[in-house]
Amino acid sequence: MPFVTRLTLKSGDGDRLDAVVADIKDRAERKGVELKGPHPKPPSKHAVALHKGLPESGTFDTWDYTVYTRLIEIVGHDDFARSVAAREYPDQIHISADIEQFDQIGDG
């Protein structure tokens, strides 16, 4: 039964994120791994209030930032998926992995 590993990569640095995703894609192509994506999601914008200290001191202007997300699916090739998920990435890159097992037609 094949496994599909879905990787979600997020970063506030879109250029660095695209470089990491391109590296994963190049490695997959060299090894003959079936890779779907990267699928970019729309950037999400966030605002954080910055307090000066005590509540009566007020706040500074908000800190605004953007988070960029890319989704990659690796079909089968469990060793490659494991190596990508376990790899060390720059601090700016956050990665999560979801694994799903599919039944093939005719099994069961």
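The values are calculated or read from the model by the stated rules, or taken from the named source; none is laboratory data. Note that the structure is predicted; figures quoted are calculated from it, not measured. FYI the Cβ positions are ideal-geometry reconstructions off the backbone, even for glycines, and counts take in every protein chain you see.
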*Starting from region 2-21, take each residue that is more than 14 Å from LYS41 (Cβ to Cβ) and list its partners that are of a type in the set (D, E, K, R) and part of a helix (DSSP H, G or I), counting only C-beta distances under 6 angstrom and pairs at least six apart or across chains.*
PHE3/ASP78
*Is region 44-55 home to any residue that is in contact with a Gly (Cβ under 6 Å, 6 or more places away or on another chain) and not in a strand (DSSP E or B)?*
yes
*Output the qualifying pairs, or none if there are none: Cβ atoms under 6 angstrom, residues six or more apart or on different chains, first residue in region 35-47 and closer than 18 Å to ARG6 by Cβ, second residue charged (D, E, K, R) and in a strand (DSSP E or B).*
LYS36/GLU73; GLY37/GLU73; PRO38/ARG70; PRO40/ARG70
_Unmet requirement for GLY12, which otherwise passes all of (1) among the small types (Gly, Ala, Ser); (2) modelled with pLDDT of 90 or more; (3) out of contact with any Phe, Trp or Tyr (no Cβ under 9 Å at 6 or more places or on another chain)_ = (3)
*Kindly indicate which of TYR65, TYR89 is touching a residue at least 12 places away in the same chain (Cβ under 8 Å) and part of a loop (DSSP other than H, G, I, E, B).*
TYR89
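From the list LYS36, LYS25, pick out the single residue that is basic (Lys, Arg), at pLDDT below 95, under 22 Å from VAL67 (Cα atoms) and not in a strand (DSSP E or B).
Details: LYS36 fails: not in a strand (DSSP E or B).
One residue alone meets the criteria, LYS25.
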